[in-house]
Amino acid sequence: MKVFTYLDPSSLAEMFSVLVAHGREARVIAGGTDLIIQLKQERISPKYLISLAKIGDLGGMGPRVLTGLGRKPSNDHGQETSVECFSLGPLTTHRSIERSALVREKIPALGDAVDVLGSVQLRNIATIGGNICNAAPSADTAAPLLVHDAVLRLQTRDSDRLLPLKEFYVGPGRSVLREGEILGEILLPMGNPPLVSAYVKYSRRKAMDLPLIGVAVAYSMNEKMFQNVHIALSSGGPTPMRAEKAEKSVENEPVGDADALWARAGEIASAEASPRTSLRCTEEYRRHLIKGLVPQAASIVGARIYHCQGDKQ
Amino acid sequence: MTQMVGQRIPLIDGIEKVTGSAKFTGDLSLPGLLCGKVLRSPYPHAKVLNIDFAKARDLPGVKAVVTAQDGDYPPYNATGVPGKKLVEDQYILPRKARFVGDAIAAVAAVNWETAEEALGLIEVAYEPLPFALDVPSALATDSVQIHEGTNNIAFTFTMAQGDVEQGFSAADYVFTDTFQTSKVFQCSIEPCGVSVAFFDNVGKLTVWTSTQMPFVIRGLLAKTLQLPMSRVRVIKVNVGGGFGSRLGATNELICALLARKANRPVKIEYSREESFLATEPRHPIEMHLKTGVNKDGTMVARQLKAYVDTGAYATHGPAITAIAGRWFAGAYKCPHIKYEGITVYTNTVPAGGFRGYGNPQVAFAVESQVDRITRELGLDPLDFRLKNHYCRGDVWGFTGYKVESCGLAACVNHVRQRFSSRWPTSCGDISPATEEAEFVRSSQKSSPALKKVGVGMAMAMHVSGGRPFLNELSSVIEKLNEDGTVNLCLGCADIGQGSSTTLLQIAADVLGIEIKDIRLSSETDTDRDPYDAGTHASRQIYSGGFAVKVASTELRGKILLMAAKMLDVPVERLAIRRGTVFDLAGDARSISVAEVARAAHMTGEGQIIATASVEPPGCPPVVGLQVAEVEVDDVTGSVRVVNLFGVHDVGKAVNPTIVEGQIEGSLLQGLGYALLEESIVDINNGKPFNISFLDYKLPTIMDLPKIEVAIVEVPSETGAFGVKSVGEGAIVPTAAAIANAVYDATGVRITKLPIKPEEVLQGLQASAENQVIFPRAGV
């Protein structure tokens, strides 16, 4: 590990001023569970490490109503829509997400993901913002956030921008995060009817391991049809990704054909993914896993929806 | 006084270990201590043309740089086994790199950062050479000569009994299979390779090191640095686990070179990555196994050809190659046996000892094939083993000694009771397809539609010590202090396995003195303690225990003689209990051992001291059976071990808690070997890919199945209190038991470790269509 200077500003303003001052020579550290390894292996050697730990307003989670989320073409009449969201501060630890009943209710796939991410000790330290900004294709939280259409609020000293998570990733370990910019907030729009989701991970070990494939599935149902079908993959390609062709194959299709539909969706997702052969696992096996895990995740979602309806009756 | 032997007393060093106050080599601090760092070859095979270290030497804070250019030191073999002709092909700093990680130069500096920076300033001109990363390529090529003139064969070994060809032609059936095991690491909690070296003002070298073999390290230091043994002192403090990784020199020799050049104490502390890069893992072995067997299950002829991948240097390779033949011959009796072993050099990290010393590899092959034989012939696997194993009175194929005692029948009973529906007492015709494993019925979580379930078993025999192949000297000095307490000086290294506690239990019972009054240091010091062959071959309780019993018997005799004089009664009438000498006839008064000790000190008799430096008389084999229950996921092909059951004959469980711990640890380590662990090397450049715990998949506590342990005690004739051994035997059959369970679940016979989900799936699908679906990653 190369020598560096550790800075721990106590406010956002102070943080931005050092971040701007040191530019490319600085790296931001949150939980540090990935970053410290990269430092030790000298894959990165910043001169300054800027900690977010002392900045109070970057943690926490809960519902929040947001205006200005409407960036869709259908919403270009100048009207500001207000959207009910679930908000996650980037410094929220995986452990507090894991223990949140609200997350289990609103974003069940994210709850599934943090259950199997690293270990308890690691989840006590590691943050959701770090998991996103690290931009690893294998990030466990990426697929669940993608199926919930997560939007990131990216902040600089002078400005804010909102960006859908799926536009954030560029390649393995690379994102569109600019110099002097940090992730300020993660927003998950709450649909109506609400999306129900699940995440299934396959790894060699039961803990302290990366997914060879992680599959998140979310949808809602009316009496007859699957709606708002979202499928996302961790380790399915150079970045976490949505499997849009597979989604379309199920969208508005009859609920009664679930088994055949999801088996086909697994095959389509497997084909549209671009996993790679590495020393960890072959491409062929990853594709096989996608095929098998998409229906598994979908059936968990189905069980959850059924369970909720059962509660209401 | 309660007998201590057989009691579950806590580890004598348990509290210090649990509270973190125990000191390890890495905790050591000395005035002026420098930090040593090693420069490693990035090439798997390359000539070192030139090393320019001027910039490193001139960096402020750097106190010494050592390279191969400093001069020649004698070649050595890192095992340092005394009294053996060894293949000596290693140099402290070689002039040719033979694996990625080979030590090329080293630096000592005032702190880690400076040492690290200095490494970056050393300019090495390499001439990369063609390389061979596995046995087939090392044997196929003439262009790669890892050690000139060897054709990459370090050693060959053959042994034969009877005439296998005649046996095969006479046998009703002949089974032929090929098996391949992987390169796995011991992964003790303290990384392997921590030492501190220091030359004092009169040139005497002291080395503190995390080792299993203090006297071997002393011998290697004396040999390579050309010092008399009297001027080399090796101290072992607490060690965080060995499992064979610390059987020879790791970085003690480099550390001593740096200390001599810097004329200051130097510490080298390998990181986990360096432990993976440059310390000795288990040998991968490719095994071609052929067995002739009659309809009734009698083994007629057995033949094994083994290619042992020793990596870049011979070290343990030749010994493992020879011993693998012994494990093979010692597994089942048979009139015709042939073994051929070839030790092959490859451009990978040199391999060494790892719990079982060749036996887990051989047992994986032999026990997998026995499973196949019993299934195809419709034989009960337990009866088959009872019929063919070496029992009491047989001359064991491993040692050539008579088997002193055998607990297999008792082990078989345990298995039949626990798995009565699977392997009932009377051997019937059991069809695996219709027989459902017991756990499935009770398991709520498993979803039968997606899981296949299976049960498998395997047997293992192992040794208690290294006789007759190794010198098994254990030595003890017992000194009675004037307050009646005893100091036990023992050259045996407790490396975390609990041998010190167990040996104290033996001493306490022989002496009649309470454990709290006997002190056995957690440190071994070659200047203070008498010679011991080291902690290997599961020998400390059999061999060390034997020496402790001999010395304690002598000490007790001397105490009683002195007391007899003081009390004026015949010595035969006296006994010691709880530190008190008393008259069995009840006539004379009782006196404390403390009074006896004081009298001896003060009346010219001299301190009461006893010594023993002895080899134990035999090498009693241990035997065990293990059963694995697995679930195989239809979708992913992954294998989940639901339950591991181990029943082992240990002779006498001096401390049952320690014995159970050894078996439980073996089962988990064996599970890692079976399912998860393997060192993966990039075929393009020879670089090991998984040198961290992220990618080297050691099982976590979450991967731990239910574990059941049963102990069988059929005492040996020669061990103190009937002890045999437990340290290694229990890891021997685990991988085969799991592989056999996978077969039971899926009908797929896995012949290559670790068992990969891809290959299980491929096996499932290949039974229908004969094609490769998932090529092995990286190949």
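The figures follow:
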read-out: Loop-located trypsin sites (Lys or Arg not before Pro) in the stretch A:221-298, at most 16 other Cβ atoms within 10 Å (DSSP); value: A:Lys224, A:Arg276
read-out: In nm, spacing of pseudo-spin labels at A:Ala13 and B:Lys204 (7 Å Cα→C-beta vector); value: 6.8
read-out: Principal-axis tilt of helix A:258-272 within chain A, Cα atoms, nearest 10 degrees; value: 40
read-out: Separation in nanometres of the label points that stand 7 Å from Cα toward Cβ, at B:Ile15 and A:Asn192; value: 6.6
read-out: Directionally averaged shadow of chain A, computed from the convex hull of its alpha-carbon atoms, nm²; value: 16.5
read-out: Selected from B:Asn77, B:Ala46, B:Leu139, residue furthest toward positive end of dipole (the stretch B:36-148; charges at beta carbon); value: B:Asn77
read-out: From phi via Karplus (6.51, -1.76, 1.60), per-residue ³J(HN,Hα) for the stretch B:92-101 in Hz, x at Gly/Pro; value: 4, 10, x, 8, 9, 7, 10, 7, 5, x
read-out: Inter-chain Cβ neighbour average for residues A:283-294, partner chain, 10 Å; value: 4
read-out: Charge dipole magnitude, Cβ of K and R +1, D and E -1 - chain B, Cα centre, debye nearest 20; value: 840
read-out: Cα-Cα over 23 Å, subset of A:Lys201/B:Lys452; B:Lys183/B:Lys338; A:Lys106/A:Lys201; B:Lys63/B:Lys204; value: B:Lys183/B:Lys338
read-out: Karplus-derived 3J(HN,Hα), 6.51/-1.76/1.60, for each residue of the stretch B:695-708, Hz, glycine and proline x; value: 9, 8, 8, 5, x, 9, 5, 6, 8, 6, x, 5, 10, 10
read-out: Among B:Gly378, B:Tyr313, B:Leu574 - extreme Cα towards positive end, dipole of the protein assembly as shown, charges at beta-carbon; value: B:Leu574
read-out: Difference of contour (0.36 nm per residue) and Cα-Cα distance, A:Asp57 to A:Glu283; value: 77.2 nm
read-out: Amide hydrogen neighbours beyond the local backbone of B:Ala132, cut-off 5 Å, H modeled; value: B:Asn347
read-out: Per residue Cα convex hull volume in Å³ - calculated over chain B; value: 173
read-out: ³J(HN,Hα) computed for each position of the stretch B:36-52 - Karplus, 6.51 cos²θ - 1.76 cosθ + 1.60, integer Hz, glycine/proline x; value: x, 9, 10, 8, 10, 5, x, 9, x, 7, 6, 6, 8, 7, 7, 10, 9
read-out: Per-pair calculated FRET efficiency, R0 = 56 Å: A:Ser45 and A:Arg304 via Cβ, rounded to 0.05; value: 0.80
read-out: Between helix A:283-312 and chain A: long-axis angle, C-alpha atoms, 0 to 90°, nearest 10; value: 70
read-out: B:Ile701/B:Thr425 FRET efficiency (R0 30 Å; Cβ-Cβ; nearest 0.05); value: 0.25
read-out: Rg over Rh [alpha-carbon atoms, Kirkwood Rh] for the stretch B:183-233; value: 1.07
read-out: Length gained when the stretch A:Thr5-A:Glu179 is fully extended (0.36 nm per residue, less Cα-Cα span); value: 60.8 nm
read-out: Amide H contacts of B:Leu39 (H built 1.01 Å from N, under 5 Å, at least 5 apart or other chain); value: B:Ile104, B:Ala105, B:Ala106, B:Val107
read-out: Among B:Gly26, A:Ala273, A:Ile29 - extreme Cα towards positive end, dipole of the protein assembly as shown, charges at beta-carbon; value: B:Gly26
read-out: Mean residue ellipticity (222 nm) of the protein assembly as shown, computed from DSSP H runs ≥ 4 via -39,500 (n - 2.57), nearest 500; value: -8500 deg cm²/dmol
read-out: Spin-label pair B:Ser692/A:Val20, simplified geometry with 7 Å Cα→Cβ offset, distance in nm; value: 3.4
read-out: Residues of type lysines that B:Lys479 reaches as a straight line, Cα spacing below 17 Å, ignoring anything fewer than 8 places off in the same chain; value: B:Lys516, B:Lys549, B:Lys558
read-out: Residues whose placed amide H lies under 5 Å from that of A:Gln227, excluding near-sequence neighbours; value: A:Ser220, A:Met221, A:Asn222, A:Asn252
read-out: GNM top mover of A:Glu253, A:Glu223, A:Glu185 - chain A, alpha-carbon springs below 10 Å; value: A:Glu223
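Each reported figure results from applying straightforward, stated rules to the coordinates on display, with no laboratory input. All values derive from a computational prediction rather than experimental measurement. Note that each Cβ is placed from the backbone with ideal geometry, even for glycine, and that neighbours are counted across all protein chains shown.
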